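What follows is calculated from the coordinates using simple rules that are stated; it is not laboratory data. Please read these numbers as outputs of a predicted model, since none were measured by experiment. Backbone-built Cβ (ideal geometry, glycine too); neighbour counts: all protein chains shown.
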Amino acid sequence: MTLLGIGEFARATRLSAKALRLYDGKGLLVPARVDPVTGYRYYGPEQVERGLLIGWLRRLGMPLARVGEVVAMEPGAAAEAVRGWWGGVAAETAVRGELAAFVADTLAGLPRGPVSVLRCAAVSDRGLVRGENQDAVHAGERLLAVADGFGVGGARASAGAVDALRRFAEGPEPTPGTLLNALADVVGEAARRVPARAGTTLTALLPAGRRLALVHVGDTRAYLLRDGALSLLTRDHTLVQALADEGRITAREAAVHPQRAQLVRALAPPAPRPDLHLRTPRPGDRYLLCSDGLTTTVPEPALRRTLRETPEDPARAARALVSLARSAGGPDNVSCAVADVPA
């Protein structure tokens, strides 16, 4: 087999000699042969494809540790891993973009102009199997929230989390510069009050000047219906979602995984680490917050259809969604909160 010198291999893969030395040191692209006297590196022709893949992934900005995992996978799994990783990057970029716009508006002294989410409603149902409803919901002009408690005292945990945010929303509105920190403090305080052997998920929307602040931890979800299209705004903090993000399982496998309800983050002591995002609403937007009792029984096409078929009537939409979950067997508590941004 004819080996390629480092210069020739660098030209074939569009990688610099410096990069090749780095990837050799990291074990990502080890030369087929190194001259024992000169230290000159030689590569096999079959390594060109791997070198090209590493170059593409690095140009995407993928960290070296993740690159090493991806290039070791079979092509199908590697493709899923890249899609999952990029989905996370795109979501994080969008979140940072909203925050940058928020900071820029604050520095420019633009009018805050409160967001009016006037039409809102919430419904919570025990379902057909559980003996107790451990969900908690709230729908008001300054707060939309859904929490799903678990463990001994789960109902107290979810109610306490929603109550903490409700008190926050009823108090003086914080300044733009302190809003997200103040929200994090409130969520942290709620977590410290969670009973022992209990916990809760939490997803909430609060007006933040001309934007909406989104607080999320666990596997309750927030959706946005805009121009007829439904998009998921949150990412589940579950073991299965983490495996899917890493490309270790497919989306189809995740949907039926026996551990799909296992949380890796929840509202519980000592620190909940919630996701804190900012969203820019548009007239006509419809937001849905829900517990996993809805999303594990009702597919997203049915969610979208129901939200589209109940315009300007959040209460009817929430009732219809809960009814769908009950019709599917109602194996869990189910809660929905729907809010419309007026046109």
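Using the Karplus curve 6.51 cos²θ - 1.76 cosθ + 1.60 with θ = phi - 60°, what ³J(HN,Hα) values do you get for each residue of region 38-48, in whole Hz, with x for Gly and Pro?
Listing the rounded values in order: 8, x, 5, 9, 10, 10, x, x, 5, 8, 4 Hz.
Give me the net charge for the shell around residue 6: Cβ to Cβ below 13 angstrom, other residues only, Lys and Arg +1, Asp and Glu -1. Mind dumping the intermediate values first?
Values: positive: 11, 18, 21, 33, 41; negative: 8, 24, 35.
Around residue 6, the surrounding residues sum to +2.
Which whole-Hz couplings ³J(HN,Hα) result when phi for each residue of region 232-241 is put into the Karplus expression 6.51 cos²θ - 1.76 cosθ + 1.60, θ = phi - 60°, listed in order with x for Gly and Pro?
8, 9, 10, 10, 4, 8, 10, 4, 5, 5
Once a ≥ b ≥ c are taken as the square roots of the eigenvalues of the Cα gyration tensor of the chain, is the result rounded (a/c under 1.5), prolate (a/b larger than b/c) or oblate (a/b not larger than b/c)?
Numbers: a/c = 2.34, a/b = 1.92, b/c = 1.22.
Judged from the Cα gyration tensor, the chain comes out prolate (a/c at least 1.5, a/b above b/c).
I'd like the Karplus ³J(HN,Hα) series for region 287-299: coefficients 6.51, -1.76, 1.60, θ = phi - 60°, whole numbers in Hz, and an x wherever there's a Gly or Pro.
Coupling constants for region 287-299: 10, 10, 10, 8, 8, 6, x, 8, 6, 8, 10, 10, x Hz.
Ranking 73, 62 by Cβ neighbours within 10 Å, fewest first, what do you get? All intermediate terms of the calculation are to be shown ahead of the outcome.
Details: 73 16, 62 20.
Least crowded to most crowded, the residues run 73, 62.
Name the residue farthest towards the positive end of the dipole of the chain from the options 65, 161, 215, assuming +1 on Cβ of Lys and Arg, -1 on Cβ of Asp and Glu, about the Cα centre.
Highest projection toward the positive end goes to 65.
Which longest run of the chain has no exposed loop site in it, a site being GluC sites (Glu not before Pro) in a DSSP loop with at most 14 other beta carbons within 10 Å, and the site itself not part of the run? Can you show the working numbers first?
Numbers: sites that count: 132, 309, 312.
The segment 133-308 is the longest one with no such site.
Report the Cα centroid-to-centroid distance between region 162-219 and region 274-343 in angstrom, as an integer.
Using only Cα atoms to place each centre, the spacing works out to 20 Å.
Which value at 222 nm does the chain reach when only helices count, each DSSP H run of 4 or more adding -39,500 (n - 2.57), with the total divided by all residues and rounded to the nearest 500 deg cm²/dmol?
Numbers: 12 runs with 141 residues, N = 343.
-12500 deg cm²/dmol, from helical runs alone.
Between 27, 88, 153, which gets the highest mean-square fluctuation from a Gaussian network model of the chain, Cα cutoff 10 Å?
27
Placing unit charges on C-beta atoms (Lys and Arg positive, Asp and Glu negative, everything else neutral), compute the dipole magnitude of the chain about its Cα centre in debye, rounded to 20. Show your work: numbers first, answer last.
Details: 43 positive and 36 negative charges, 86 e Å.
The dipole of the chain has a size of about 420 debye.
Under a 10 Å cutoff between Cα atoms, tell me which one of 301, 331, 63 has the largest fluctuation in the Gaussian network model of the chain.
63
About its Cα centre, what dipole magnitude does region 80-218 give when the only charges are +1 on Lys and Arg Cβ and -1 on Asp and Glu Cβ, stated in debye to the nearest 20? Write down the numbers at each step before the final one.
Numbers: 15 positive and 14 negative charges, 24 e Å.
Roughly 120 debye, rounded to the nearest 20.
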